[in-house]
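Participant: Just passing along the structure, written as structure tokens.
Derivation of every value follows stated rules applied to the coordinates shown; laboratory data play no part. Since the structure is predicted, the reported quantities are computational estimates derived from the model, not experimental observations. Virtual Cβ from ideal backbone geometry, glycine too; neighbours counted across all protein chains shown.
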Amino acid sequence: MSFQILLASARGMCAGVYRAINTVESALKKYGKERVYVLHEVVHNAHVVADLRALGAHFVDDLSEVPEGSVLIFSAHGVSCEVENKARELKFTIIDATCPVVTGIHRKMNLASKKGQEVVVIGHPGHQEVIGTIGQYQGDKSKVHVIVTEDDVKSLDIDGDNAFFATQTTLSVDETRRTVQALKARYPNIQGPRQDDTCNATQERQNAVRDLANQCDIVIIAGSKNSSNSNRLREVAISQNTKAYLIDDSSQFDKNWLIGVNKVGLTAGASAPGYVIDDIINYLKEQGATEVITVGPQAHDRVFPLPKEI
Ligand code: SF4
């Protein structure tokens, strides 16, 4: 069996993920490992969390698990005002690793609540980012509506002349465009971003995986099952009628996927570390990969400064 690997140039960790990981690493150096707690997985990747845990970081899902006097880091997905206020009351040293793109959406949600606007959030209910975004609306929560698809728009009954919309940053760009179009068609005066809030990193990685899927027999996405952006990459590849698999690393690879395959596409979600790609490439070379060809344009990732407390 011999085949080529086509590796997407625009892949892997984005600026917000680098910032969040660097924040935890720097906090461990500055404050010592006994004191550093992270609320929720700092980014949705099993390897990243395991690596930071090995360095000494404590991951918790509730403030009640954080001891007095601790340094508390908010994950890249952001938190609600309620959590923020409670953490301040408990007098933790707070370091906010929320991605600045998400913080920008939080500011707009805050403003919408001050204006008393109804808000439509396009995103997956239960995802940490969506929970944080909704929780930035301070006021009558019945004015906040979470939807995902264009069909969901039909179920809305809002005052479209005093309404605002926001989206999760890591959604399917195509599906979100359709949902926003349907929303604007039903409520032409609704305010919000010109297009949506999917970030540049999300858009570029989805464009890259679409191109990859059109050139390959299968596509492998390095990322964890609870990673929103990684799941969307898999869906985009499948939408091009190409089989696609989301794996944390080579240990989850099934050799049967390679039967009859000439070209394997390879990319990584925005939270997956680069060494996982190296691990998968090495594994594929052992299985008969003859060359690795990097394809598509580079990502135009920004660099976000670390939080001022670091
Ligand atoms: S995917 Fe986008 S919003 Fe999410 S952390 Fe990366 S840059 Fe920020």
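Participant: More than 17 Å apart: what percent of Cα pairs in the stretch 15-99 qualify?
Facilitator: Across the stretch 15-99, Cα pairs with separations above 17 Å total 38 percent.
Participant: Could you tell me whether the stretch 147-207 comes out rounded, prolate or oblate from its Cα gyration tensor? Rule is a ≥ b ≥ c as square roots of the eigenvalues, rounded for a/c under 1.5, then prolate if a/b exceeds b/c, otherwise oblate.
Facilitator: Because a/c hits 1.5 or more and a/b exceeds b/c, the stretch 147-207 counts as prolate.
Participant: Oh, and also: How large is log10 I(q)/I(0) at q = 0.14, 0.19, 0.21, 0.25 Å⁻¹ when the Debye formula is applied to the Cα atoms of the stretch 245-310, each weighted equally and without solvent?
Facilitator: Taken in order of the listed q values, log10 I(q)/I(0) reads -0.54, -0.85, -0.99, -1.29.
Participant: Oh, and also: Count charges around residue 69 for me, please; just the other residues with Cβ under 9 Å from its Cβ, Lys/Arg as +1, Asp/Glu as -1.
Facilitator: +1
Participant: Now a separate question. Through the Karplus equation 6.51 cos²θ - 1.76 cosθ + 1.60, θ set to phi - 60°, convert the phi angles of the stretch 156-172 into ³J(HN,Hα) values in whole Hz; use x for Gly and Pro.
Facilitator: Using θ = phi - 60°, the values come out as 6, 9, 10, 7, x, 7, 9, 9, 9, 10, 9, 10, 5, 7, 10, 6, 5 Hz.
Participant: Between residue 51 and residue 82, 0.36 nm times their residue separation minus their Cα-Cα distance comes to what?
Facilitator: 8.2 nm
Participant: I've got another one for you. With viscosity set to 1.567 mPa s at 4 °C, what whole-number translational diffusion coefficient in µm²/s follows for the stretch 1-147 from Stokes-Einstein and a Kirkwood radius over Cα pairs?
Facilitator: Values: Rh = 16.6 Å.
Stokes-Einstein gives a translational diffusion coefficient of 78 µm²/s.
Participant: Please give the net charge around residue 125, taking every other residue with its beta carbon less than 14 angstrom from that of residue 125, where Lys and Arg add +1 and Asp and Glu add -1.
Facilitator: Charge balance in the 14 Å sphere: -1.
Participant: Given contacts defined as C-alpha pairs under 8 Å and at least six residues apart, what's the relative contact order of the chain, whole-number percent?
Facilitator: On the way: 633 pairs, mean separation 84.3, N = 310.
Relative contact order, the chain: 27 percent.
Participant: Let me ask you something else. Which parts of the stretch 83-125 would a label at residue 159 reach, counting a residue when its backbone N lies under 19 Å from a point 7 Å out along Cα-to-Cβ?
Facilitator: 109-121
Participant: Can you tell me which of 149-157, 112-120, 278-286 comes out highest on packing, and rank the rest after it, using the mean Cβ neighbours within 10 Å?
Facilitator: 112-120, 278-286, 149-157
Participant: I would also like to ask the following. Can you list the residues, at least 5 places off or on another chain, whose amide H is less than 5 Å from the amide H of residue 219, using H built in the peptide plane?
Facilitator: Under 5 Å from the amide H of residue 219 lie the amide H atoms of 243, 244, 245, 265, each far enough along the sequence or on another chain.
Participant: Ok, one more. Ordered by packing density, taken as the mean number of other Cβ atoms within 10 Å over each peptide's residues, highest first, how do 238-246, 170-178 rank?
Facilitator: Details: 238-246: 16.3, 170-178: 20.1.
Taking the mean over residues of other Cβ atoms within 10 Å, the ranking is 170-178, 238-246.
Participant: Please report the antiparallel percentage of the DSSP beta bridges confined to the chain, to the nearest 5.
Facilitator: That works out to approximately 0 percent antiparallel.
Participant: Please check: in the Gaussian network model of the chain (C-alpha springs, under 10 Å), which one of 51, 196, 217 has the largest mean-square fluctuation.
Facilitator: Greatest mean-square fluctuation among the candidates belongs to 51.
Participant: Grab the beta carbon distance between residue 30 and residue 141, set R0 = 35 Å, and tell me the FRET efficiency rounded to 0.05.
Facilitator: Once the sixth-power term is evaluated, E becomes 0.40.
Participant: Find the centroid of the Cα atoms in the stretch 151-180 and in the stretch 67-110, then give the distance between the two in whole Å.
Facilitator: So the two Cα centres are separated by 26 Å.
Participant: Where a Cα-Cα gap under 17 Å defines reach, which lysines qualify for residue 154, not counting those fewer than 8 residues away within the same chain?
Facilitator: Here the lysines satisfying the reach criterion relative to residue 154 are 143, 184.
Participant: Here's another thing I want to ask about it. Report the Cα-based extents of the stretch 86-236 along its three principal axes, largest first, to the nearest Å.
Facilitator: 50, 45, 22
Participant: Another one. So what is the calculated 222 nm ellipticity per residue for the chain, using -39500 (n - 2.57) for each DSSP H run with n of 4 or more, over all residues, to the nearest 500 deg cm²/dmol?
Facilitator: Rounded to the nearest 500, the figure is -11500 deg cm²/dmol.
Participant: Work out, step by step, the length gained on full extension between residue 278 and residue 110: first 0.36 nm times the residue separation, then minus their alpha carbon distance; give nm to one decimal. Please report the intermediate quantities before stating the final value.
Facilitator: Details: separation 168, 0.36 × 168 = 60.48 nm, distance 4.20 nm.
Residue separation times 0.36 nm, minus the Cα-Cα distance, leaves 56.3 nm.
Participant: Choose one answer from 74, 92, 165: the residue with the largest mean-square fluctuation in a GNM of the chain with alpha-carbon springs under 10 Å.
Facilitator: Top of the fluctuation ranking is 92.
Participant: Please list the radius of gyration and Dmax for the stretch 101-186, considering alpha-carbon atoms only, with Å as the unit.
Facilitator: Cα radius of gyration and Dmax of the stretch 101-186 are 11.8, 32 Å respectively.
Participant: Whole-Hz ³J(HN,Hα) for each residue in the stretch 143-155, computed from phi via Karplus 6.51 cos²θ - 1.76 cosθ + 1.60 with θ = phi - 60°, x for glycine and proline: what do you get?
Facilitator: Karplus-based 3J(HN,Hα) across the stretch 143-155 equals 8, 9, 10, 9, 10, 10, 9, 5, 4, 4, 4, 4, 7 Hz.
Participant: In nm, to one decimal, how far is the modelled label at residue 308 from the one at residue 152, with both set 7 Å along Cα→Cβ?
Facilitator: The two pseudo-label positions are separated by 3.6 nm.
Participant: Amide H neighbours of residue 301 under 5 Å, at least 5 residues apart or on other chains, H built in the peptide plane: list them.
Facilitator: Placed amide hydrogens put nothing under 5 Å from residue 301.
Participant: In sequence order, what are the phi-derived ³J(HN,Hα) couplings for the stretch 11-18 according to the Karplus relation 6.51 cos²θ - 1.76 cosθ + 1.60 with θ = phi - 60°, rounded to whole Hz, with x for glycine and proline?
Facilitator: 8, x, 4, 9, 4, x, 6, 4
Participant: How long, wide and thick is the chain, going by the Cα atoms along their three principal axes, in whole angstroms, largest first?
Facilitator: Taking max minus min along each principal axis of the Cα atoms, the chain gives 62, 53, 29 Å.
Participant: Could you pull out every residue, at least 5 positions away or on a different chain, whose amide H is within less than 5 Å of the one on residue 94? Hs are placed 1.01 Å off N in the peptide plane, and Pro or chain starts have none.
Facilitator: 72
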